[in-house]
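The values are calculated or read from the model by the stated rules, or taken from the named source; none is laboratory data. All figures in this text were calculated on a predicted structure; none of them were measured in a lab. All Cβ positions, glycine included, derive from the backbone under ideal geometry; neighbour counts span all protein chains shown. Just the protein is used for accessible areas: all its heavy atoms, side chains included, with ligands, DNA and RNA removed. Shrake-Rupley method; radii C 1.70, N 1.55, O 1.52, S 1.80 Å.
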Amino acid sequence: MAQAALPMPEEDKYRIAIADDSADVLVALRLLLKPAGFVVAEARSPGELLALVRREEFDVALIDLNYTRDTTSGGEGLDLLIELSRLDSLLPVIVMTAWGSIEVAVEAVRRGARDFVQKPWDNSSVVAILHAQAELCRALRANQRLQTRNELLETPLVADVIAQSAAMRPVLELIQRVGPSTANVLITGEHGTGKEVIARALHAISPRAARPMICINAGSIPESLFESELFGHQRGAFTGATADRPGRFELADQGTLLLDEIGNLPLAQQAKLLRALESGEFERLGSPRVRHADVRLISATNADLAAAVAAGAFREDLLFRINTVHLHLPPLRERGEDVLLLAHHFLDRYAGKYGRPSPALESSAVEALRAHRWPGNVRELQHVMERAVLLCRGDAIDAADLGLAAPAGSANKAAGAAAAAGSWNLEQNERELIRRALEACQGNVIDAARMLGLSRSGLYRRLQRFGLS
């Protein structure tokens, strides 16, 4: 005996909004579409339908073209089409009317309708059309989210936590304990200590590792654009908003959101973030529709948030919400055993990147690395080793290749090394560095500019000045 088919899970059913001024038509369509796998929402007028679409997201809409009994022009439905497109540009709309004509059908399609149904309809045809359009809508929405995620995920999710020092041992232990949870984590530490690397390590061993980790830096986005970046916007929400765009919070659904430099978050946005974290609810800028997302938040900052709370610049309730677990990263100057470990790691990385054999470190370079105070922390060490890979002339890096400031009491030694290198002349050394960067990048100006920390136009100006163009 054949087993009865299992009912479709509610979340897998297509959501359809239907608008018609006839109660009989609405009942007939509900009886047809519910067994076909649709969750049906009904409206008796254009205003009711627009209110529905503002509140909820649908996979397809089926609308009548006429609502006033003595009107057969289809004008009301055509105007409704335009309003629906403004509210949700990806929502497919199928139009229907008892007064169908090719002229009205063409005009409806011109204004954005995906198809046209004439009353009385053929049941199997209507179901097939609505299924196809709803499935396409879900695919388009998923593609929009994926495309936006791909624009953001420019760095790998697998983290390189290179550490053996006693100062980092508590950090590594806390990562192992907290990572497999979904608890919110606040990471503090000076600039360049590797807060994002630690965030990625937490995400990589969490139950959400298969989902995206989305990053947003509160310090690099103008306050006027931050809400749009965090929660998304609707088309027309502001000048330049030519299409609907999901925000980082929505894109991190079921995954992790890294909010870097959270101490710079504007007070107005702090309240909205708090609400989103507590309830999972938010609205895109320019849209009244309440959306939902399940997000694990990892925050990072070099600021003293407790002092910011005391000064009235940061909400205390938000600090409690993001600070379920606090993880503090020590500066590199307190991680003496890790300096050479990290230096060799970066040497291998950049030697591979630039197609060179990994150079050794001469004793003078080792001494310089150990003596340096590293005010820029791991980020400074990373840039120093990348530059050294490019500048070293042989198969070993000496202190001069590192370009570090000499420690106190060694001015004579530094002067001797500089003299041996050839010249203290700034322009000559700048020209040589640009030449070597171009050589390493095989003449690619964009790559060379990025390597040198210059804009493309800034590098072009230097190329002309030094006669290297």
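Which loop trypsin sites (Lys or Arg not before Pro) in the range 350-379, with loop taken from DSSP, have no more than 11 other Cβ atoms within 10 angstrom of their Cβ?
Passing sites in the range 350-379 do not exist.
Express the carbon and sulfur contribution to the solvent-accessible surface of the chain as a percent, rounded to the nearest whole number, probe 1.4 angstrom. Please list the in-between numbers first.
Values: 12170 of 23450 Å².
So the carbon and sulfur contribution to the accessible surface is 52 percent.
Work out, step by step, the length gained on full extension between Glu337 and Tyr354: first 0.36 nm times the residue separation, then minus their alpha carbon distance; give nm to one decimal.
On the way: separation 17, 0.36 × 17 = 6.12 nm, distance 2.72 nm.
My answer for the length gained is 3.4 nm.
Just the accessible area for Ile162, please: 1.4 Å probe, Å², rounded to the nearest 10?
Solvent-accessible area, nearest 10 Å²: 40 Å².
Heads up, I need the accessible area for Phe226: 1.4 angstrom probe, whole protein in place, Å², nearest 10.
Probe radius 1.4 Å; accessible area of Phe226 about 0 Å².
Please compute the alpha carbon radius of gyration of the chain, then divide it by the globular-protein estimate 2.2 N^0.38 Å. Two decimals is fine.
1.32
For a quick check: with amide H placed at 1.01 Å from N, whose amide H comes under 5 Å from Cys215's, ignoring anything fewer than 5 positions away on the same chain?
The answer is Leu258.
Pairs of lysine in the chain with Cα under 26 Å and at least 8 positions apart or on different chains: total?
So the count works out to 5.
Per-residue accessible area for Asp64 at 1.4 Å probe radius, Å² rounded to 10?
Solvent-accessible area, nearest 10 Å²: 10 Å².
Only loop residues by DSSP count here, and only those with at most 14 other Cβ atoms within 10 Å; note down the chymotrypsin sites (Phe, Trp or Tyr not before Pro) in the range 237-294 that meet that.
Phe238
So what's the back-of-envelope 222 nm ellipticity for the chain, counting only DSSP H runs of four-plus at -39500 (n - 2.57) apiece and dividing by all residues, rounded to 500?
Working: 20 runs with 222 residues, N = 469.
Theoretical 222 nm ellipticity from helices: -14500 deg cm²/dmol.
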